[in-house]
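Worksheet: the structure to be examined is printed underneath.
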Amino acid sequence: MGTITDRGRGRATALRAARTAAALALLATGALTLGAGGPRGGQEAGAPAQVPLAAEQDQAEQSGQAEPCDLYRSVPPSTVDGAAVQAIKARRSLVVGIDLNSYRWGSRNPNTGQLEGFDIDLARAIGTAVMGDPEKVVFKAVPTADRIKYIKEGRVDIIVRTMSITCERLEEIAFSRPYFTTSQRVLVPRTSPARSLDEALNGTTACAATGSTALVELKTRPLKQVVPVENNLDCLVLMQLGKVDATMTDDGLAAGQAAQDQTVKVLDGEVRPGVMGVAMLKNSTDLTARVNQVLNDYYANGGWRRAYDSWLKPYLLDDADRHWPTPR
């Protein structure tokens, strides 16, 4: 269903041993280095909320705003094709930015070669609804750090990639209504003495993806070193190699990584509750409206719940309704 172009960016999920071997090779050749700036991988491989979310409140205070922005606000859903959707249909392809590095969210099955995960199912539902033909959906791997860049440069039409809606990002791009609630969690090796998030982030070396909410949080912590990387999977590899003590990421991604690698665990404690949305250009309001309609339909027809039960329920171990963002 659809095609994929990644131009070398992103790594397909593979066995832990294979990833570790690859990372060792990169370290040996210098393609992956550790320095003052942290490791760097190779090249392309609704209604207003009544109670502000912690993450948006923090950002509002930092920017001097009197009130936080509304992370739930988006354009009303619609099935009308405006200029943006018409242009996409004339081009005969909807380009969707995705992740290839996040187990249970967006990755390539090493046994079947097929793309799979919660976000992949959602991306296919959106693409099929907008284009009317799944073969007209093109998937492109997008690094965490370059998500906004890809949108603003027109390299993708939408991004469905565990992307948190923040006040800062809303200044640059548009988001759909939220489709998943999240918070930041910490992963550590099972041999780590840390028993909580706070213990793991005290005087240690911690890793997070560049451009992520997790990286913002880490910079407020009493850490020995903050290590930014291009993609979340790089943090897992560095932790396997003993180069970092902890990884911070969204709770869903943390659960996926713990399921992927039995040598790591998710600690108690969470911070910065937030919501994820589908990202696109600010002036593509008709496309945003179409995506919002698809999201409403996807939840109403049970698609969202089926995807949750299939990909996330075994690892998040909590009520699915907790993760569907209902405007408050």
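Here are the numbers for the structure shown:
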read-out	value
Flag if residue 85 is under 16 Å from residue 286 (Cα atoms), modelled with pLDDT of 95 or more and crowded, with 19+ Cβ neighbours inside 10 Å	yes
Meets criteria (crowded, with 18+ Cβ neighbours inside 10 Å, within 24 Å of residue 251 (Cβ to Cβ) and basic (Lys, Arg)) for residue 190	no
Count - residues of region 239-260 that are at pLDDT below 90 and assigned to a loop (DSSP other than H, G, I, E, B)	0
Qualifying residue in region 127-137 (condition: polar (S, T, N, Q) and within 19 Å of the chain's Cα centre (by Cα))	no
Some residue of region 204-214 being closer than 19 Å to residue 68 by Cβ, crowded, with 20+ Cβ neighbours inside 10 Å and under 19 Å from the mean Cα position of the chain (by Cα)	yes
Within region 94-111, considering residues that are of a type in the set (Val, Ile, Thr) and more than 18 Å from residue 252 (Cα to Cα), the one most open to solvent (accessible area, probe 1.4 Å)	95
Subset of region 275-328 [open to solvent by less than 60 Å² (accessible area, probe 1.4 Å) and touching a Gly at 6+ places or on another chain (Cβ under 7 Å)]	286, 311, 312, 316, 327
Unique residue being open to solvent by 30 Å² or more (accessible area, probe 1.4 Å) and over 24 Å from residue 279 (Cβ atoms) when the list is 195, 185	195
Odd one out for residue 272 among (1) in a strand (DSSP E or B); (2) at negative phi; (3) open to solvent by less than 50 Å² (accessible area, probe 1.4 Å)	(2)
Count - residues of region 119-138 that are among the hydrophobic types (A, V, I, L, M, F, W, C), farther than 21 Å from residue 234 by Cβ and open to solvent by less than 10 Å² (accessible area, probe 1.4 Å)	5
Filter result for residue 114 (over 23 Å from residue 282 (Cβ atoms) and either open to solvent by 50 Å² or more (accessible area, probe 1.4 Å) or small (Gly, Ala, Ser) (or both))	yes
Condition met for residue 246 (farther than 26 Å from residue 171 by Cβ and open to solvent by less than 30 Å² (accessible area, probe 1.4 Å))	yes
Selection from region 73-98 of residues that are under 15 Å from residue 138 (Cβ atoms) and either assigned to a loop (DSSP other than H, G, I, E, B) or under 13 Å from the mean Cα position of the chain (by Cα) (or both)	92, 93, 97, 98
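The values are calculated or read from the model by the stated rules, or taken from the named source; none is laboratory data. Please read all numbers here as calculations on a predicted model, not as lab measurements. All Cβ positions, glycine included, derive from the backbone under ideal geometry; neighbour counts span all protein chains shown. Please note that ligands, DNA and RNA were not included when accessible areas were found on the heavy atoms of the full protein model with its side chains. Shrake-Rupley method; radii C 1.70, N 1.55, O 1.52, S 1.80 Å.
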